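Asks: Below is one structure. I have some questions about it.
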Amino acid sequence: MMLMYRQKKTVKGRGGNRLLISVTFPGSTGPIRFVVCEEQLVVGVIQTALKYYAREGRLPVFGSDINGFVLYCAPAGTEGLSPWETIGSSGVRCFMLCKKPQANDATTNDGKQKISQKGNGSWKAWLNKSLRFKISSH
């Protein structure tokens with residue numbers, strides 16, 4: 001009796017470990033989870049997350065311009081990841097993908113700053129509020 005063994009197909013050039021990551025979009029129903037190589041660049045993760053988000057037809061609609069988004073580590077969340085660093089260098093698997101702040105004209109003609117009319121607050125306030133809720137509920 002002859003036993004046949006199947007060899008696993010290995011993809012050359014894709015070395016490294018694979019990670020299951022979760023990317024949360026503000027205002028969406030829940031995170032998107034997908035597998036990436038830990039050497040993949042942050043810009044590639046942003047592109048993949050936007051593609052999956054659009055494919056699932058989630059709301060709100062964010063668009064597909066990868067230059068208009070910043071990926072944050074969900075636990076720390078204070079500073080965005082550089083698009084050219086690897087996703088495995090952050091050491092976390094939960095991320096938040098937010099739109100970059102619009103660089104609107106914040107000053108008037110006489111050099112004084114305008115008061116913002118936006119009353120919703122920023123994504124940082126939302127993130128801190130949601131993390132406080134999760135921590136205090138335990």
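The values are calculated or read from the model by the stated rules, or taken from the named source; none is laboratory data. Keep in mind that what you see is a predicted model, and the values were worked out from it rather than measured. All Cβ positions, glycine included, derive from the backbone under ideal geometry; neighbour counts span all protein chains shown.
Each row is one residue, and each column tells you yes or no for (1) out of contact with any strand residue (DSSP E or B) (no Cβ under 9 Å at 6 or more places or on another chain); (2) more than 18 Å from TRP123 (Cβ to Cβ); (3) modelled with pLDDT under 95.
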| position | (1), (2), (3) |
| --- | --- |
| GLY16 | no, yes, yes |
| SER22 | no, no, no |
| ARG33 | no, yes, no |
| GLY68 | no, no, yes |
| GLY88 | no, yes, yes |
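Asks: Residue under question is ARG55, and the condition is that it be at pLDDT 90 or above and under 12 Å from the mean Cα position of the chain (by Cα); does it hold?
Replies: So ARG55 fails the test.
Asks: Is it true that some residue in segment 111-123 is surrounded by 11 or more Cβ atoms within 10 Å (Cβ to Cβ) and at pLDDT below 90?
Replies: Yes, the conditions are met somewhere in segment 111-123.
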